[in-house]
Amino acid sequence: MSSVFPEKIILKPKIFFGKILFFDVINPEDPFVIQEWYRFNAFANYESVEDCSCDKVFQGKKNKGSIDIGYVPTEHKLKRLKLRWNETENKWKIVQNFHSLNRLANIDIISGSKSPDFRLSLKTHYEIPSEGSKVEEVINNIQSAKNFTKKNGMWFRSKDFDNTIIKKAVVRQVIEKKRFKNENFFITFKTIKEDKNNIITIEKSITLKHHTWNQEINLDNVDVFMKSVIDTILYVRKMLNALV
C-alpha cells in the first residue's frame, strides 16, 4: 500500500520468449496447443493491425492496435500511458495511466547471450484516472493539431511531446498482433514500432500469460498465484521440448 496511491498495487507477470520467434499461425480460431509450434515459420508475414481482415483476432472489432507512451517527468520516476482508438469520438484516448512502475524481477530462465532467450518478468504499478488530467490535455492537443497524421507508420512521435509535462517520451505502437488461448494460457505475438529520441526501431515479441494473471492478486489468493507461475514455467519447458 502507498499513501500516494492508496487504492491498490497492480502486479504484471509475463513470460517473454526471446530469440526463438515464430509468427505464422495457421488458424487464429483454433485453440493454441503445444503441437502448433511445429507449424510456425520464423518471421512469416501476417496482417497489420489497422487494415487487416483479422477481425477474429480482435473479437470482431476493427482495431488500430494500441500505443504505449513511457515518460520520465522527474528523475527516477517512470510513468506510462496506454492509448486505444475510440471509434465514437474518432480519436486516441488514454485507457490506462500507470504510475510508479517498478520491476520486481527479471528472471532469466534460459540464456546464452547478452540478451535473455527466455525470461519471467514481474512488474508492479499503480493505475490512476486520466480523465481531465494534464496528460489527457497533452494527448488531445497533439491530435487536434491540423498537421496531425501518421508519420513513418506511427500516430505519435517522441518529438510531439517536447516542451510538455510528458518528458523524455518513448512511444511504442503495436502494428501487428495475434493472440491465441487454450484452457490455461494466452500467447500473444506482436510487432511493435518504437520511437525513442526520434530514432525508430522495430521489435517482435512473444509473451505467455496465465489466465489468472488478469485477475486481482491479493493476500487471500497468493498461493494460487504462485502455483500459476510454477504451472506456466512447466508449460514453457514443454514448449521447448517440442521445439528441440
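The values are calculated or read from the model by the stated rules, or taken from the named source; none is laboratory data. Nothing here was measured: the structure is a model prediction, and the numbers come from that model. Cβ coordinates were reconstructed from backbone atoms using ideal geometry, including for glycine residues, and neighbour counts include every protein chain displayed.
Structure above, values below:
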| item | result |
| --- | --- |
| Among the residues listed as N141, N152, N163, the single one being at pLDDT below 90, loosely packed, with under 13 Cβ neighbours inside 10 Å and out of contact with any helix residue (DSSP H, G or I) (no Cβ under 6 Å at 6 or more places or on another chain) | N152 |
| Residue that is modelled with the lowest pLDDT [pool: residues in the stretch 58-87 that are polar (S, T, N, Q) and surrounded by fewer than 18 Cβ atoms within 10 Å (Cβ to Cβ)] | Q59 |
| Top-ranked residue of the stretch 190-218 - restricted to ones that are within 15 Å of the chain's Cα centre (by Cα) and not in a strand (DSSP E or B), ranked as surrounded by the fewest Cβ atoms within 10 Å (Cβ to Cβ) | N214 |
| Subset of the stretch 175-189 that is within 30 Å of K150 (Cα to Cα) and crowded, with 19+ Cβ neighbours inside 10 Å - its residue that is farthest from the chain's Cα centre (by Cα) | F180 |
| Criterion violated by F98 - all others in (1) modelled with pLDDT of 90 or more; (2) within 23 Å of R179 (Cβ to Cβ); (3) among the hydrophobic types (A, V, I, L, M, F, W, C) satisfied | (1) |
| Members of the stretch 187-217 that are in contact (Cβ under 8 Å) with a residue 24 or more places away in the chain and more than 17 Å from G65 (Cβ to Cβ) | I187, K196, N197, N198, L208, K209, H210, H211, W213, E216, I217 |
